[in-house]
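Written below as structure tokens is the structure these notes are about.
The values are calculated or read from the model by the stated rules, or taken from the named source; none is laboratory data. These numbers come from a predicted model, not from an experiment. Neighbour counts are summed over all protein chains in view; Cβ atoms, including those assigned to glycine, are modelled from backbone coordinates with ideal geometry. Keep in mind that these areas ignore ligands, DNA and RNA; they rest on the heavy atoms of the full protein, side chains included. Shrake-Rupley method; radii C 1.70, N 1.55, O 1.52, S 1.80 Å.
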Amino acid sequence: MAELPASVREITDTLDSVGNTTAAIGKGFAIGSAALTALALFSAYSQVVKLKAIDLLDPVVLIGVFIGATLPFVFGAMTMESVGEAANEMVVEVRRQFHEIPGLLEGKARGDYRRCVDISTAAALNKMIAPGVIAIAFPLLVGMLLGPAALGGMIGGALAAGVLLAIMMANAGGAWDNAKKYIESGVHGGKGSDPHKAAVTGDTVGDPFKDTSGPAMNILLKLMTIVSLVFAPLLAAHGGILLGMFK
């Protein structure tokens, strides 16, 4: 877009590939830090609710584990879907401007960049509401309905699945991005070839993997444990409504 020589693009693509690899390594440390923080908060939660062990032979606890292990995948799917919806809104807006602004397609007119920035900003805020509600509501729902032990199982399941999923997203996303750049350098047929088309499809998944869903997984784990700890006294006193109904 800057109309610079092709040699400049070769250098910047190489730097971007190095950056993707470095970022993937850094994100591994970030999710490790989030896991340690969540474990510390979970330890505090267990002391408040007087939870001495997670008994996997207890059906209620096992239900909590399965719910917790499912949440990172649901959360990741929602954040990736949000990226796709925001990108589609951007494409529609760009097409509209090409049709309605004379000379834009030929480079003789200036586009309405403010509108595109507005779309990105609004999507970044609005489309995070539902995933944020999940992170806050599920610990409260599980704790109040199934009790503190089930919530302990849910946190354990979310930690086990979320940490591994976040590491996979960071590495796979960077690998997909670098694979596309590698093919664009001229190998496997270069741009326009079938491998390049497949790599572009992979990078379409890889970008939200490494830049959205993966990093957001850190927040999911820490937020769930913080909410559990904050409401631990309430859950210890009044949790397990469904269990009480069957006693």
(message) Looking only at the stretch 77-122, count every residue that is of a type outside the set (Val, Ile, Thr), open to solvent by 50 Å² or more (accessible area, probe 1.4 Å) and more than 25 Å from Met217 (Cβ to Cβ) and tell me the total.
(response) 16
(request) Output the residues belonging to the stretch 25-84 that are in contact with a helix residue (DSSP H, G or I) (Cβ under 8 Å, 6 or more places away or on another chain) and in a loop (DSSP other than H, G, I, E, B). (result) Val49, Lys50, Leu51, Lys52, Ile54, Asp55, Leu56, Asp58
(message) If the requirement is being modelled with pLDDT under 90, within 24 Å of Ile31 (Cβ to Cβ) and out of contact with any His (no Cβ under 9 Å at 6 or more places or on another chain), which of these qualifies: Lys127, Lys108?
(response) Lys127
(request) Out of Val48, Val8, Val60, Val65, report the one residue that is β-branched (Val, Ile, Thr) and exposed (fewer than 15 other Cβ atoms within 10 Å of the Cβ). (result) Val8
(request) Give the number of residues within the stretch 11-34 that are open to solvent by 70 Å² or more (accessible area, probe 1.4 Å) and either more than 10 Å from Ala170 (Cα to Cα) or of a type in the set (D, E, K, R) (or both). (result) 6
(message) Just to be sure I understand, how many residues within the stretch 38-94 are within 28 Å of Ile129 (Cα to Cα) and charged (D, E, K, R)?
(response) 4
(request) Go through the stretch 36-45 and give me each residue that's hydrophobic (A, V, I, L, M, F, W, C) and surrounded by 19 or more Cβ atoms within 10 Å (Cβ to Cβ). (result) Ala38, Leu41, Phe42
(request) Please indicate, with yes or no, whether at least one residue in the stretch 141-157 is out of contact with any helix residue (DSSP H, G or I) (no Cβ under 7 Å at 6 or more places or on another chain), closer than 30 Å to Glu10 by Cβ, of a type in the set (A, V, I, L, M) and open to solvent by 20 Å² or more (accessible area, probe 1.4 Å). (result) no
(request) Kindly indicate which of Lys222, Lys210, Lys180 is at pLDDT 90 or above and over 14 Å from the mean Cα position of the chain (by Cα). (result) Lys180
